[in-house]
Amino acid sequence: MPRTLAAAAALLLAAAPTLADTVAFTHAHLITVTGEEIPDGTLVVKDGRIAAVGPADRTRIPGGATVVDAAGKVIMPGLVDTHSHVGGFRAADESGPIQPGVRILDAVNVFSSGYRRAVAGGLTTVNVMPGSGYLSSGQTIYLKLRGVKSGAVRPEDWAYLDKEGRVLGGLKMANGTNSMRKPPFPGTRGKSAFLVREQFIAAREYQAKLEAAAGDPAKRPPRDLDLEILVEVLRGERVVHHHTHRADDVMTVLRLRQEFGFKVVLHHVSEGWKVAEAIAEAGVPCSIITVDSPGGKHEAVNLRFETGAVLAAAGVLVAYHTDDWITDSRLFLRSAAMGLRGGLDRTTALASLTVNGARMLDLDHRIGSLEEGKDADFVILDGDPLSVYTRVLETWVEGRKVFDRDDPDDLLHAEGGQGAGRDQEPFLCCADQGGES
Amino acid sequence: MKTLLIILLCAAASAQAQVAVKGGVVHTMDGPAITDGVVVVTDGRIAAVGPAATVAIPAGYRVLEAAVVTPGLIDAHATVGLSGIFNVPADQDMLDRAGPVQPELRAVDAYNPDDELVAWLRSLGVTTVHTGHAPGLPVSGQTMIVKTRGRTVAEALVREAVAVAATLAPAIGPEGVAAPSRAKTVALLRQELIRAREYAAELAATGGDGPPPARDLRAETMVRVLDGELALMVTAHRVRDITNALRLAEEFGLRLWLDGAAEAHQLLPQIKAAGVPVLLHPTMTRAFGETENLSLATAAQLADAGIPFALQSGYESYVPKTRVVLFEAAVAAGHGLGFARALAAVTRDAAQLLGIADRVGTLAVGKDGDLALFDGDPFEYTSHCTGVVIEGEVVSQLVR
């Protein structure tokens, strides 16, 4: 056992980020997303951040930098997936339809091979959500895929943290048919909305008691983990990520939002194209999905490739998501490319994979574009990101390479093959080298 | 009523209109691609194909144009028309869970040509579909081949029965019955084939003298499998299940189609030696459970190994309710298969594998006038299918 641990530790050290290194990628086609594309550009990475980005002839390369000739390659920001179930989707249990106090943090398996596939697809940030079979299935978590191959075994070491060191995430909610089940779950849409209103009203009353106590522990109501989270939502401190498909369900979310004033991102939004103006008027962003045919359930029979284009044209902020395992993280670029097929313009399509998602997670000050000062999260591709023939060559997070197509083990996760589905078990890494496990 | 009849007759007449399709590039799949090509379809069949400079379009023909023209796409294995778009019990006819083995169930008796998913596939260039009973039960029923058109199954039909669908793993049980184990599934299949042999022997023994044995539709179907008239399409993903399928085929001399075959990349020499074709799982099948070891590059590996294969949309029990073979081929094209072999896998090669190459799969004189029109590389995500022709009838002009 000690020998194995030592070997594992040695591997971890070898893989550890050398943040002090400065790397300059030159002569790449840079897709900055927030600015013009730069056909012959230089990207300088230092201390895990982007130190410089610009045309090759006007961007200074710091002395001592490792220079990588990236001619013929395309570099774009790391992809932001606003809705994924990689590593776990079970937070709430069967005891009731509304369980905001439950955290996906406590269910995430960081050893899931899904994370290896995610970085193979160019993803660097994922919002891992609990499932949609509940009106609220719990808190989501915003993960930075720096944890991949790092040896970091706690999801909180992967997560984005706030100033107090708490993990960042939203609250998963859902309406429509997925959460309609036998009691105590709602049986109708009307009952679904009623149950949600009832809880938010309870949360308002709880909030009033909290505020009346004004920090006096003696007057404070007993802690209620469910209501505490709903109070965060009412205060606008935690965004609601709301699964919804049918146009009338979308309108129900907007109605509840108006009543309780929460901040919400609509997810899936299959019939969003029918009510795009109303969504735009409410100023609510949409995180949408590409699947290859409509149907599979009544509320998804009007799903179309054009949804992204119609929403964007109406002025709605649009991002795509994988909903992995509904679609595979390795094919995330495809989702937006199919949006282009449905009429979305290229600029919005590229933003919908990156900065638009970052905005929906309130992380756009750190990620989503190639801009000086932002995290060095980026993807190196061998061609245009929206072409079926293009492959992800490398994925970097905070200046560290987390995926390299030239590495056989990374390639296994990029393409698949025997062993690709197995969870990652770092302490068995050396068994085939004679170590005990 | 009379007026309606006249309208219907007129509609039928216009459907028979003669059509010519001009393409910036025409991929005939029967020789090199033709730049500035023309395909002339007369009375539903291809009458001429070649460069615009040498092929004249007869007067009065309706002319369609596109940047890229291919043969109508062939989906080598689907359940569309049986597994409806709404995914509720009322429109799910691909699995009858009364018993584990029901080869007597015919696809023609279950196919709904009006299902919206048939139209969805058609609008994306798919003109021919091998569809029927789904993977799941050890033996779920028969499959057939249809064109993605027609108000009735008779109008759509190409072949009434082509295969019996079997599943080795993960097989499900009949309603309320536990799923059979791997070994039990093989035992069920062997028992069924042995019973069919005995039934055939009984039939032969009567030799016209005396009363024949009472008709047994189940055994009759399996006799057709034993005779090789119907293929046995076996869904198997794991190495051991694929191996079991090959062993079964050898024991009974079956015409086996390996279906799914997520771990085929581990058994290329064995599959090649057995001379068994593969209906490969959709490239974008979810890599979980039995398929956790699938590879996006398997199609390329099968092609490199010289194993006949075709691509399929497969069976989906949730969302998306059907996949689209155009998109599945596209992802395979981008993962080592390349454009030409990917296009062959959804046209010529699929037709050969399914035994319908005399009618479809290439653009050659005498073949059915089935064409798909695109505004760019058909496999690029950002291209669109702009037109579809089936036997000379323009069945879609959506831009999708």
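The values are calculated or read from the model by the stated rules, or taken from the named source; none is laboratory data. Keep in mind that this is a model prediction, so the values were computed, not measured. Note: ideal-geometry Cβ built from the backbone for every residue, glycine included; neighbour counts use all protein chains shown. Accessible surface is based on the protein model in full, side chains and every heavy atom, while ligands, DNA and RNA are left aside. Shrake-Rupley method; radii C 1.70, N 1.55, O 1.52, S 1.80 Å.
For this structure, a couple of remarks:
- Among (1) more than 10 Å from chain A (Cβ to nearest Cβ); (2) touching a strand residue (DSSP E or B) at 6+ places or on another chain (Cβ under 7 Å) - the single one B:ASP304 does not satisfy: (2)
- Scope region B:119-155; condition touching a Lys or Arg at 6+ places or on another chain (Cβ under 9 Å), assigned to a helix (DSSP H, G or I) and within 29 Å of B:LEU217 (Cα to Cα); matching residues: B:GLU155
- Candidates are the residues of region B:278-300 that are surrounded by fewer than 24 Cβ atoms within 10 Å (Cβ to Cβ), under 21 Å from the mean Cα position of the chain (by Cα) and not aliphatic (A, V, I, L, M); the one that is nearest to B:ARG238 (Cα to Cα) is B:THR291.
- Filter result for B:ILE85 (of a type outside the set (Ser, Thr, Tyr), over 30 Å from B:ILE34 (Cα atoms), in contact with a Lys or Arg (Cβ under 9 Å, 6 or more places away or on another chain) and at pLDDT 95 or above): yes
- Selection within region A:251-270 - within 12 Å of A:PRO285 (Cα to Cα) and out of contact with any Cys (no Cβ under 6 Å at 6 or more places or on another chain): A:LEU254, A:LYS263, A:VAL264, A:VAL265, A:HIS267, A:HIS268
- Picking from residues in region A:165-200 that are of a type in the set (Phe, Trp, Tyr) and either touching a residue at least 40 places away in the same chain (Cβ under 8 Å) or out of contact with any Pro (no Cβ under 9 Å at 6 or more places or on another chain) (or both), the one that is nearest to A:SER137 (Cα to Cα) is A:PHE185.
- Against the numbered list (1) under 23 Å from B:THR28 (Cβ atoms); (2) in a helix (DSSP H, G or I); (3) open to solvent by less than 10 Å² (accessible area, probe 1.4 Å), B:ALA303 comes up short only at (3).
- Flag for A:ASP93 being assigned by TED's automatic domain parsing to the domain that holds A:ILE288 and under 23 Å from A:LEU363 (Cβ atoms): no
- With respect to the stated conditions, A:GLY383 is in a loop (DSSP other than H, G, I, E, B), in contact (Cβ under 8 Å) with a residue 60 or more places away in the chain, surrounded by fewer than 21 Cβ atoms within 10 Å (Cβ to Cβ) and within 14 Å of chain B (Cβ to nearest Cβ).
- Of everything listed in (1) more than 23 Å from the chain's Cα centre (by Cα); (2) in contact (Cβ under 8 Å) with a residue 12 or more places away in the chain; (3) within 27 Å of B:ALA90 (Cβ to Cβ), the single unmet condition for A:VAL301 is (2).
- Extreme residue, nearest to the other protein chains (Cβ to nearest Cβ), among residues of region B:258-291 that are aliphatic (A, V, I, L, M) and in a strand (DSSP E or B): B:LEU280
- For region A:37-52, filtering for residues that are assigned to a loop (DSSP other than H, G, I, E, B) and open to solvent by less than 80 Å² (accessible area, probe 1.4 Å) leaves 2.
- Filter result (in a loop (DSSP other than H, G, I, E, B) and either open to solvent by less than 60 Å² (accessible area, probe 1.4 Å) or within 17 Å of B:ILE57 (Cβ to Cβ) (or both)) within region B:25-39: B:HIS27, B:THR28, B:MET29, B:GLY31, B:ALA33
- Test: residue in region A:315-328 that is at pLDDT 95 or above, farther than 30 Å from A:GLU237 by Cβ and in the same structural domain as A:LYS163 (by TED's automatic domain parsing): yes
- When A:ASP364 is tested against (1) open to solvent by less than 30 Å² (accessible area, probe 1.4 Å); (2) over 28 Å from B:SER383 (Cβ atoms); (3) part of a loop (DSSP other than H, G, I, E, B); (4) of a type outside the set (S, T, N, Q), only condition (1) is not met.
- Residues satisfying the stated conditions in region B:79-117, i.e. within 11 Å of another protein chain (Cβ to nearest Cβ) and open to solvent by less than 20 Å² (accessible area, probe 1.4 Å): B:VAL80, B:SER83, B:GLY84, B:ILE85, B:ASP115, B:LEU117
- Test: residue in region B:235-248 that is away from chain A (no Cβ under 14 Å), among the hydroxyl-bearing types (Ser, Thr, Tyr) and part of a strand (DSSP E or B): yes
- Members of region A:284-319 that are within 8 Å of another protein chain (Cβ to nearest Cβ) and either in a strand (DSSP E or B) or of a type outside the set (Phe, Trp, Tyr) (or both): A:VAL291, A:ASP292, A:SER293, A:PRO294, A:GLY295, A:GLY296, A:LYS297, A:HIS298, A:ALA300, A:VAL301
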